[in-house]
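Scroll down for the structure; my scribbles are underneath it.
Please treat every number below as a calculation from the coordinates, not as lab data. Here the structure is a predicted model, which is why all the values come from computation and not from measurement. Glycine also receives a Cβ, built like all others from the backbone with ideal geometry; neighbour counts cover every protein chain displayed.
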Amino acid sequence: MDKIVIEGGRPLAGTVRASGAKNAALPLMAATLVAPGSHVLHNVPDLRDTRTMLRLLETLGASCERQGTIVRIDTTSLTGAEAPYELVKTMRASVLVLGPLIARTGYARVSLPGGCAIGARPIDYHLRGFEQLGVITTLAEGYVEASVDTVLKGNVVYFDTPSVTGTENLITASVLCRGTTVIKNAAREPEVGNLIDMLNAMGADIEGRDSDRLTVRGVERLRPVETEIIPDRIEVGTFLIAAAATGGEVTVAGCVPGHLPALIEKLRSTGVDIGETGDSLTVRRKDAGAGGRPALKSVDIRTMPYPGFPTDLQAQFMALMTQADGVSVIHETIFENRFMHVAELRRLGAEIKVDGSAAIVTGRRREELCGAPVMATDLRASASLVIAGLSVPGTTEISRVYHLERGYENMVDKLRELGAAIRTEREENQAGAT
């Protein structure tokens, strides 16, 4: 198993280009199932999760081919409708094949999803929505089985809380419904908009993009499409925060600044300079003040559905706040178990207290922090530990970095090009380890 070794305390400088969005690529890849034919997706990141999705599509009978960032998926002849546990256990987004399979074949059997251990993340919203369309769902032996007796019929579906994957699954299930489906309190994330654009290009009739009310008028058939994955706003945000935490000046190119309104506002509130030019963002942290205190102000955040502060950037922002002047309060409202990185940040000298769904961070001088061996617990926690390791003096070794490989394309190489002293090493097996 690999580990990441960082010699911290160096400012980052230079330009890095954003990769395609994992959280957009996965639903778009799954959506190719809804229309037979050869689909072409551009700007697909090469990640553990996207590779898993390709294997899943092949299990269902699709033919898949990757050439760089271009992925071709031929869904002309499907031979199966089951997503096995062996694949689904490592990636929660595997559940996104449910909607397309129901729409196209009227049947699907999908293992309950896995992924990062950051909370229960139930799929109740998906199942209740499917049932509103006339789908019969059962849970048995760790699998969801969904079937349609006659035809899918449009209906009104209401989410108690906006659900990104729930919204995406319901959209793809309803595009071939008889009649009209209205999804209320739908998720508004840019990744949902990317999926809507793709489906409309395939011949679907979906209105309400970027709003919490979507109207889907069912059509008889869809056609294959060539489309592009949007830039990964979470990767972009991670690099912006890393630049702020380490100092220096970093430009993230090939992004959509409008996809990160809350993060940009919060970073500016810390005293960091951010410039926007077309499809790029440039971050510059001001020099430390008298006495070597970091020129960062403490800022409170509360994670919220889009366009609020993303839960997927909460851990990274917490790493930044460990160096800020004063006390910041970080409220996590999306997932109930997303503070597992706190214990690891404490190993680096951070002062953080957890009170229910809030983490209280007391910023410290950089010389009071120091590198140490730490362990990643989930995807975004991995990124927070990388940021912390880059910004504090000493050596930080991060184990279980396979989490990072699920969502960040060539992160170590990109950081090295920005001047970071970072490398990947093979961990030696410990005798008697389990």
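Shape of the stretch 335-398 from its Cα gyration tensor (a ≥ b ≥ c, root eigenvalues): rounded if a/c is under 1.5, otherwise prolate when a/b > b/c, or oblate? Mind showing how you got there, number by number?
Values: a/c = 2.43, a/b = 1.30, b/c = 1.88.
Verdict is oblate for the stretch 335-398.
Mind giving me the FRET efficiency for Lys286 and Ala253? R0 is 30 Å, r the Cβ-Cβ distance, nearest 0.05 is fine. Walk me through the numbers on the way to the answer.
Numbers: r = 22 Å, r/R0 = 0.75.
Efficiency, from the Cβ-Cβ distance: 0.85.
Taking the Cβ-Cβ separation of Arg365 and His331 as r and a Förster radius of 30 Å, what is the calculated FRET efficiency to the nearest 0.05?
Working: r = 26 Å, r/R0 = 0.85.
Rounded to the nearest 0.05, the efficiency is 0.70.
Below 8 Å between Cα atoms, with a sequence gap of 6+, how large is the relative contact order for the chain in percent?
Details: 1054 pairs, mean separation 90.6, N = 434.
It comes to 21 percent, rounded to a whole number.
What is the stretch 22-228 by shape, rounded, prolate or oblate, if you read a ≥ b ≥ c off the alpha carbon gyration tensor as root eigenvalues and call it rounded for a/c under 1.5, prolate for a/b larger than b/c, and oblate otherwise? Please list the in-between numbers first.
Details: a/c = 1.29, a/b = 1.13, b/c = 1.14.
Rounded, because the longest to shortest axis ratio a/c is under 1.5.
On a 0 to 90 degree scale, rounded to 10, what angle separates helix 233-246 from the longest Cα axis of the chain?
In the chain, helix 233-246 runs at an angle near 0 degrees to the longest axis.
To the nearest 0.05, what FRET efficiency results for Ser269 and Leu78 with a Förster distance of 41 Å applied to their C-beta separation?
Details: r = 50 Å, r/R0 = 1.22.
So the FRET efficiency works out to roughly 0.25.
What is the helix-to-structure angle for 379-391, meaning the angle in degrees between its Cα long axis and the longest Cα principal axis of the chain, kept from 0 to 90 and rounded to the nearest 10?
With rounding to tens, the tilt is 20 degrees.
Place a label point 7 angstrom from the Cα of Thr277 along the Cα-to-Cβ direction, then list the residues of the stretch 226-257 whose backbone nitrogen is under 15 Å away.
249-255, 257
Whose amide H sits under 5 Å from the amide H of Glu228, counting only residues 5 or more places off or on another chain, with H placed in the peptide plane?
His42
For Glu226 and Arg302, compute 0.36 nm times the residue count separating them, minus their Cα-Cα distance, and round to one decimal in nm. Walk me through the numbers before you get to the answer.
Values: separation 76, 0.36 × 76 = 27.36 nm, distance 3.74 nm.
Gain on stretching Glu226 to Arg302: 23.6 nm.
Restricting to DSSP H runs of at least four residues, report the calculated mean residue ellipticity at 222 nm for the chain, -39500 (n - 2.57) per run over all residues, nearest 500 deg cm²/dmol.
Numbers: 14 runs with 128 residues, N = 434.
Taken over the chain, the calculation gives -8500 deg cm²/dmol.
Using a Cα distance threshold of under 26 Å, what count of lysine pairs results for the chain when pairs must be 8 or more residues apart or interchain?
Within the chain, the lysine pair count is 15.
So which residue, out of Gly218, Gly237, Gly20, gets the largest mean-square fluctuation from a GNM of the chain using Cα contacts under 10 Å as springs?
Greatest mean-square fluctuation among the candidates belongs to Gly218.
Can you give me the angle between helix 48-59 and the longest principal axis of the chain, using Cα atoms only, in degrees from 0 to 90, rounded to the nearest 10?
Helix 48-59 and the main axis of the chain meet at about 20 degrees.
Name the residue, out of Thr246, Thr76, Thr311, whose mean-square fluctuation peaks in a Gaussian network model built on the chain with Cα pairs under 10 Å.
Result for the chain, Cα springs under 10 Å: Thr76 fluctuates most.
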